[in-house]
Structure formats: structure tokens, C-alpha cells
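The values are calculated or read from the model by the stated rules, or taken from the named source; none is laboratory data. All of these numbers come straight from a predicted model, not from anything done at the bench. Cβ sites come from the backbone with ideal geometry, for glycine too, and all protein chains shown count toward neighbours. Heads up: the accessible areas ignore ligands, DNA and RNA and are worked out on the full protein's heavy atoms, side chains in. Shrake-Rupley method; radii C 1.70, N 1.55, O 1.52, S 1.80 Å.
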Amino acid sequence: MIGKRTRPRISHALGPAGPQRALILASFVSRVGNGLFNTAAVLYFTLVVHLPAAQVGVGLTIAGLTGLLAGIPAGNLADRYGPRTVWLTALAMQAVTMAAFVFITDWLTFTLIATLDRLAATAAGAAGGGLIARTGGERPAAFRAKLRTFVNLGVVLGTLGAAFAVSVDTRSAYTVLILANAASFAGAGLIALMGVPNYQPLPRPKEHHRWAVLADRPYVSFVALYGAMGLQYQTVSLLLPIWLSAHTDAPRWTVAAVYAVNSGVCVLLQSRIGSRVETPRQGGRAFRFAGLLFLISCPLMALTADVPAWVAPGLAILAVCVHSLGEVWESSGGFALGFGLAPDHAQGQYQGFFGIGFDAGQALAPLILTTAVLGLGHAGWLLLGVFFAALGAAGPPVAAWAERTRRSSPDSADGTHGKPDKAPLPDSV
């Protein structure tokens, strides 16, 4: 922890929870910008810059895969020099690369800027994870759940704002969105600079090395599970809209309704449920419960093709309610395991690897969901639900395995691992 002379004044004005509030506000501002841009990004690149959709897809894929390379190195820098320093640097780079999108005219420039943007975003995720761990104190997973509530709200508000620019459909309107997103990164950095302490690096044991996370087999196994379970996010955002449009008689407004319900459930329940899932053991059980909820929601989504048009919207909303509840439990379990299994002195490195696993799963999700699931129809939906349930069932054994290795390691003596449960979960979990 840093001394009083280096703590920004704004944190005193906000009270004991000042740094947490500042980080929440900074994250909220940046995600409003994300919501503004992400909603209209593809339209801008294809309709305004006039890049073919296939080229845009290839460029984004290259950028996404290259961006994964920054995860562990950026996390190591955060552990060595402090998470705030690296996070602010990454935000500044994102502000610059985002503003540069206004000037692109060809595919090569687009791909280069998109790649730099993804490298910065990955670095920000790694350093941000370390910053959350330090700012969250004794309850980083609970703080992360609270933070995610405001992040989701920011994305929703940004998406609503983007609807206006999309309806206007002019270059000027899209330019405003891009520059607003760039400004959101700069604004978030300014808020963090004023209100979040410059936490100093924690002492590292002699045996620590830059790639230690890769030798931590329980953590690697957990990240693999979490990355695979991450397909559930695009089940709602990608797979279900395609299914509703192509295989059901549901009215078009149903797609907008499921988006709204998904966002609403996550905003309302993330903090409440996340505050009850803090230890690795609780995280494993929450992961299992999420898998069971997905096992219910996926077949319900498939059944929307077998009911009358007036029933399909209600069934789709019911399915998304169940799925969104599973999403909240899954993310809460992921936070508990992601932070709880990482040694305090290497949170940046571990969170960087955590982000790599998740991003890799998101990169593969469109291919898997549109070919395997849509190709098999109803059977594909059922297999997807079973897949999620199997992943969830592996949560408790992986958590128990990880806790055993930490109790037997030297790090457990300093309190960084093997923390006992603080609050019970429902018996059903």
C-alpha cells in the first residue's frame, strides 16, 4: 500500500470507499464509450469507409488474435511497476488508436490500427485486473461483481446513444461516436489518475518468474473451463438472434427484447449474487449451478421454433431470463476463482492469462455456434446445453484441486491462498 502523501485528494472526498468509487466511475465512463462505438463499428467500416465485410472480418480476427499476445507481458509489467501505471498507459493508447479510426481509408491501415487497439485493450484488461484486486482489498471478487453491474449499465446507455447515430447514418454521426469513445478512454484515465491510488508492487518470492502462471496447472485448467463457458455470452448476442430470425415466426422486436432482458437481469442481480461468491470453493459451486441453468435455457431457446408466433417472444424472454441468471452465476464464479487462486504478488500476470483464455473463447465462439449448433438445429441446442453443464460440473473439482495445491505451497503461509469460505451458498448450488 502507498503512503498518505501519494494518495490523491479525491479519494478522501469520497470517503473510505473512494478508490473503489473512482475505479467504478472510470470503468463506467469507458464502457459508455464502448457501447457507443461497438454498436456501430461494423456499419462504419463497411458503409462509410467502404471496406468489404469479409475484409473487416479478417482484419478484426487478425487484431483479436494478435492482441492476445499482450496479456501476460502487460500483467508482468503491472506486477513490477504497479497496476495503475500500466492501466493508464493502456487507456492513453486506446484513446489514440480509437481516434485514429477516423482517418482510415484502406484495409491495411484499418488492420494495423485495430491490432494496436486490441493490444492496448488486452494490456488494459491485465493491468485492470490487478488494479481491481488491489482496490477490492479483502473482497476483490465482490468488488468485481459490483463493478460489472456499472460496466453493463454503461454499455446499455452507450448502445442507446449509438442508436441515434445509426438512424442518422452519416459520416459525421459515426465520427462523433468514434471520437466520443476516444474521449471516454481519456476521461476514464483522468478519473483514475485523480481518484485511484498508485499502488506499489508487492514483494515477490525468489521462485517467482514471468511465466509462473503457465506452470500453475489448476489455474490453467480453470481458465480453459472459463474460456469454453464463455460461449454462453454469444449464445444470446449472436446465436439466438440468428435462430429467431431464420427459424421462428417471432416478430422482429423479439431480438431487441431479449437484449434488453439480458442486460436488465445482469444489471439487477450481478452485485447481489456476486457478493455471495467470493472464495474459490464458492466459485466452483457457482460455476456448476450456472451450467445447470444453461442446460435449461438452451433447449428453451430451441423450442421457440416449435411454437406459434404469439408464443415465441414470451418463450424467448423466459429462456433468456434463465440464461442471464446463469450468466450472473458464471461470471461471479469466474471472478471468485480468477482472483482467489492468483497469488497477490502476481495478480497482473494471472489476470492477463485469465483475459487471454476468455478472449480466445470469444474469438472461436462465432465459428462454433454458427456451424455446430445451427448446423444441427434442435440437437445442436441440446448438445450446447449439455456442454455447458459438463463444464459447470468440472468447476468444483478444479476449485478443490487448486485449493489443495495452494495449501501445500509456500505461498499459503502468507495468506494469499487457501482462504476459508465467508458466506454460505444456497443448498441448491
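Here are a few things to note about the model shown:
- Sorting Ile24, Ile317 by accessible area puts them as Ile317, Ile24; the probe is 1.4 Å, largest comes first, and only protein heavy atoms count.
- Summarised in one figure, the compactness ratio Rg/Rh of region 79-232, Cα atoms and Kirkwood Rh, is 1.01.
- Looking at the chain, the pairs of alpha carbons with a distance over 34 Å make up 30% of the total.
- Taking GluC sites (Glu not before Pro) in DSSP loop conformation with at most 13 other Cβ atoms inside 10 Å as exposed sites, the chain has its longest uninterrupted site-free stretch at 208-429.
- For region 263-421: rounded, prolate or oblate by the Cα gyration tensor [a/c cutoff 1.5]: prolate
- Long hydrophobic helices in the chain, taken as whole DSSP H segments with a C-alpha length of 30 Å or more on their own axis and mean Kyte-Doolittle hydropathy at least -1.0: 18-43, 107-135, 140-168, 171-195, 253-274, 280-303, 312-340, 347-368.
- Separation in nanometres of the label points that stand 7 Å from Cα toward Cβ, at Leu364 and Thr66: 2.3 nm
- Its convex hull of Cα atoms gives region 131-207 a direction-averaged projected area, equal to a quarter of the hull surface, of 7.6 nm².
- Region 136-162 and region 71-90 have their alpha-carbon centroids 21 Å apart.
- Overall dimensions of region 153-256, expressed as equivalent-ellipsoid semi-axes from the Cα gyration tensor (√(5λ), whole Å, largest first), are 38, 28, 10.
- For the chain, calculated [θ]222 nm from helices alone, where every DSSP H run of n ≥ 4 adds -39500 (n - 2.57): -24500 deg cm²/dmol
- Charge dipole (Cα centre; +1 on Lys/Arg Cβ, -1 on Asp/Glu Cβ; no other charges) of region 26-160 amounts to roughly 500 debye.
- Listed residue (Ile368, Val386, Leu25) projecting farthest to the positive dipole end of the chain, Cβ model: Leu25
- Stokes-Einstein diffusion for region 41-111 at 25 °C, viscosity 0.890 mPa s, with a Kirkwood radius from C-alpha pairs, works out to 178 µm²/s.
- Computed label-point distance, nm, for sites Asp169 and Phe103 using a 7 Å Cα→Cβ extension: 3.0 nm
- Highest average packing first - 178-187, 357-366, 55-64, 82-91, Cβ atoms within 10 Å: 82-91, 178-187, 357-366, 55-64
- Cα→Cβ-extended label distance, 7 Å offset, between Gln200 and Arg272, nm: 4.3 nm
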